[in-house]
Amino acid sequence: MSELTRQNRSPSPAGGHTPSLIGARITVGSRARPRLRLPLIFGAASLCAPLLSPATPAEPLTEQSCAILATHEGEKPAIRDVPGLAILTRAADDPLILRGADGLTINAVVCWRSEARLAENDYLVAQAGFPFYVKTDLEDGSTNRTLVLERVNGSFRARLLSGPALSDAERQEIQRLLALYDTKYQDRPDPSPAVRGTEAPAPSELSAQRPPDKPQAIADATAYEAKIAPYVAQARKTYPQAKRRFLRGLPRGYVFFVTTRLRDPKEHWEQAFIRVRRIQGDLITGVISTQLSVVDGYRMGQVYSFREAELLDWTIANPDGTEEGNVVGKFMDTQVR
């Protein structure tokens, strides 16, 4: 059995390029965890216990972080970060779609939780085609567990790979969840074109594709609002057409951003690009794609939702480096020359 070491996605010291990850429908954020050694066992029946996960715990289940197990061009599998990837909080109507890029092959999803327990929508990982490993990282290493959820021969199954044996109550709870997963899987809707066409990359990729940030200090907010008002009106007038294009599915390499304002409790605000993940009615959900310097409580890579009434501008970034829209941004660029 080999041990796999978590690797951060960052450029190599020699200037080489670590394979990028493009994940459709994945929440994006940032986290920091110590390097861990992760033993993973595939199909080792002698180490497998029948069905798993606890019943009615005293403390709510929490999820510290998630990553992927991936191989790159024949190299041995390794744990690789996907900033903001979360499974515990994923809704049943938010299917998980992960795609490797630049020779990267995704083999599994791994999450570290407060307990090695499954949750009601964990089936979305197996539905996406990946084994799902749930691990704990407790101070007392003897109490750590690793369990895996898989879909095998048309049914879900869970196996305990390491750690203390499961109680009868835990086994019963896991059996209940597996039955639920089978029901939800059978009732799953087909992905819409908008789901297939929506990709949310890691922050390093966001910064490469969005229009560049050009921070500006605003001395007179009233005068600023008056200046940008006609351009905001133009952007809002043309937004419905851009929205329809996004919902139909943009061609590969085209990215849809919108611009809004983020506000903090101190009444500070900052305009930011949001890379759009989905639009439901008038609710836009996406990933903050601006390096922020004014507002507190937000960060680049964080998932953020807001109403279309708060939209200031929109941009479609094309793979050749050109862009459509961004009328407010282009106007503001003329004010600092």
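Taking the options Ala226, Ala217, Ala208, name whichever one is modelled with pLDDT under 85, surrounded by fewer than 12 Cβ atoms within 10 Å (Cβ to Cβ) and in a helix (DSSP H, G or I).
Details: Ala226 fails: modelled with pLDDT under 85; Ala217 fails: in a helix (DSSP H, G or I).
Answer to the check: Ala208.
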Val82 vs (1) at pLDDT 50 or above; (2) over 26 Å from Leu161 (Cα atoms): all pass except (2)
With Asp264, Asp282 as the choices, which residue is under 23 Å from Glu225 (Cα atoms) and either in contact with a Phe, Trp or Tyr (Cβ under 6 Å, 6 or more places away or on another chain) or of a type outside the set (Gly, Ala, Ser) (or both)? Asp264
Residue pairs within 9 Å by beta carbon, gap of at least six or interchain, first lying in region 318-334 and touching a residue at least 60 places away in the same chain (Cβ under 8 Å), second of a type in the set (S, T, N, Q) and part of a loop (DSSP other than H, G, I, E, B), listed first then second, are Glu324/Asn318; Met332/Gln216
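Just name the residue that is farthest from Asn121 (Cα to Cα) out of those in region 145-163 that are of a type in the set (D, E, K, R) and part of a strand (DSSP E or B).
Taking the candidates together, the pick is Arg159.
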Only one of Leu85, Leu138, Leu96 is over 22 Å from Arg176 (Cα atoms), of a type outside the set (S, T, N, Q) and surrounded by fewer than 20 Cβ atoms within 10 Å (Cβ to Cβ). Can you tell me which? Leu138
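Could you check how many residues of region 84-127 are of a type in the set (A, V, I, L, M, F, W, C) and either more than 16 Å from Ala67 (Cβ to Cβ) or assigned to a loop (DSSP other than H, G, I, E, B) (or both)? Can you show your working first?
Filtering region 84-127 down to residues of a type in the set (A, V, I, L, M, F, W, C) leaves 85-88, 91-92, 96-98, 101, 104, 106, 108-112, 116, 118-119, 124-126.
Remaining after also requiring either more than 16 Å from Ala67 (Cβ to Cβ) or assigned to a loop (DSSP other than H, G, I, E, B) (or both): 85-88, 91-92, 96-97, 101, 116, 118-119, 124, 126.
Selection size over region 84-127: 14.
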Is one or more of the residues making up region 107-116 over 25 Å from Glu170 (Cα atoms), surrounded by 13 or more Cβ atoms within 10 Å (Cβ to Cβ), in the same structural domain as Pro164 (by TED's automatic domain parsing) and modelled with pLDDT under 90? yes
Kindly list, by first and then second residue, each pair from a residue in region 74-95 that is within 11 Å of Leu124 (Cβ to Cβ) to a residue that is modelled with pLDDT of 80 or more and of a type in the set (Phe, Trp, Tyr), limited to pairs with Cβ atoms under 8 Å and residues at least 6 apart or on different chains. Ile87/Phe132
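The values are calculated or read from the model by the stated rules, or taken from the named source; none is laboratory data. Treat the numbers as computed from the prediction; the structure is a model and nothing was measured. Positions of Cβ are backbone-derived with ideal geometry, glycine not excepted, and every protein chain shown enters the neighbour counts.
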